[in-house]
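To start, the structure under review is shown below, and the notes come after it.
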Amino acid sequence: MNLLLLTPQEIDEQGCVQLTDRRHQHIQQVHRLNKGDTLQAGVINGLCGEAEILEQQPHLTRLKLNLYRQPPAPLPVTLLLALPRPRMLARSLEHLTALGVKKLVLMHTNRVEKSFWQSPELKPEKIHQHLILGLEQAKDTQLPEVHFKKRFKPFVEDELTSLAANSLKLVAHPGNYPSCPRNINQQLTLAIGPEGGFIDYEIELLKAQGFQAVQLGERILRVETAVTALLARLF
Ligand code: SAM
């Protein structure tokens, strides 16, 4: 927890907050902070700054906030991610949030197992939990939007034109394609496939919407590694 993240509702009129949950335990047991110490803090979708510990008890921590600066700049990317298996989804959500993605579309593709859509990991509270961990990690406050598209073809044919308008459109696909570009300085829509990859038909549908297939070399990366490698290289 590199940033203590709070909801606006937790903060009283004096700018103070009282914690009794895992954040209180983390401040006490991991950071080992005491009365008078400060730590970095922020409000979800709001400002960042510091929090001073006013009171430290075995069951609670009380803090006073001083919030004055903007969170880090977001990445100018819309990420289209074939729904990963549940364990990988959890890690991918944390990584991509920490990297600064603010718009994520989790989509079905031919090689996504249908059972993945029934996973408890897709419950809103579970998704939220992973996004929060990613924000805390990266000292960010701005929650990503997460959208679900369970039908690939209608999504690509009917919605993607406006979603990806005025952006560079890339689909990461291993094979004999141009290398993924580096340090682009523009809005991007990036599609990443499932464990089994995209099928040819899906690549053709994406190409018909203006997507270019790009590759990262002959090593096939796991989805969560591919997300990190692609975003690090592109930005
Ligand atoms: N066997 C699959 C294939 O050949 O497409 C591998 C899929 S990989 C585990 C999951 C996704 O990560 C891919 O669909 C692609 O979007 C991305 N990816 C992984 N390694 C890549 C590479 N070397 N070049 C481009 N994309 C890659």
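Every number here is computed from the coordinates shown, using simple stated rules; none is lab data. What you see is a predicted model, and the numbers here were worked out from it, not measured in a lab. All Cβ positions, even for glycine, are placed from backbone atoms using ideal geometry, and neighbour counts span all protein chains on display.
Considering only LEU33, GLN9, ASN45, the residue lying farthest towards the positive end of the dipole of region 4-69 is LEU33, judged by Cα position with unit charges set on Cβ. State which entries of LYS102/LYS150; LYS102/LYS139; LYS102/LYS153; LYS103/LYS149 exceed 18 angstrom in Cα-Cα distance in the structure shown. Over 18 Å apart, Cα to Cα: LYS102/LYS150; LYS102/LYS153.
Average 1/r across all pairs of distinct alpha carbons in region 131-223, invert it, and you get the Kirkwood radius: 15.0 Å.
Its Cα gyration tensor gives region 4-69 an equivalent ellipsoid; the semi-axes, largest first and in whole Å, are 18, 12, 11. Kindly state, to the nearest 0.05, the FRET efficiency for SER115 paired with GLN40, given R0 = 41 Å and r defined as their beta-carbon distance. With R0 = 41 Å, the Cβ-Cβ based efficiency is 0.55.
The longest part of the chain holding none of the exposed loop trypsin sites (Lys or Arg not before Pro), meaning those outside H, G, I, E and B in DSSP with at most 15 other Cβ atoms within 10 Å, is 36-110.
Pairs of Cα atoms in region 184-235 fall into 10 Å distance bins, from 0 up to the last occupied one, in shares of 20, 54, 25, 0 percent.
Full extension of the chain between ILE184 and ASN166 yields a length gain of 5.1 nm, computed as 0.36 nm times the residue separation minus the alpha carbon distance. Here region 113-158 is treated as a sphere whose radius is the Kirkwood value from Cα pairs; by Stokes-Einstein at 25 °C and 0.890 mPa s it diffuses with a coefficient of 195 µm²/s. Rounded to the nearest 500, what is the chain's calculated 222 nm mean residue ellipticity when only DSSP H runs of at least 4 contribute -39500 (n - 2.57) each, over all residues? Helix contribution divided over all residues of the chain: -7000 deg cm²/dmol.
Values of log10 I(q)/I(0) for the chain across q = 0.14, 0.15, 0.16 Å⁻¹ run -0.89, -0.97, -1.06, by the Debye formula with one identical scatterer at each alpha carbon and no solvent.
Over region 12-119, the alpha carbon radius of gyration divided by the compact-protein estimate 2.2 N^0.38 Å works out to 1.44.
Short-range pairs are left out: with C-alpha atoms under 8 Å and at least six residues apart, the relative contact order of region 1-144 is 27 percent. Per-residue Karplus couplings for region 212-226, computed as 6.51 cos²θ - 1.76 cosθ + 1.60 with θ equal to phi - 60°, are listed in order as 10, 7, 9, 10, 10, x, 6, 6, 8, 9, 4, 3, 5, 6, 4 Hz, Gly and Pro entered as x. Give, as ranges by residue number, the residues of region 206-235 whose backbone N falls under 19 Å from the point 7 Å along Cα→Cβ of GLN137. Only 221-235 pass the distance filter.
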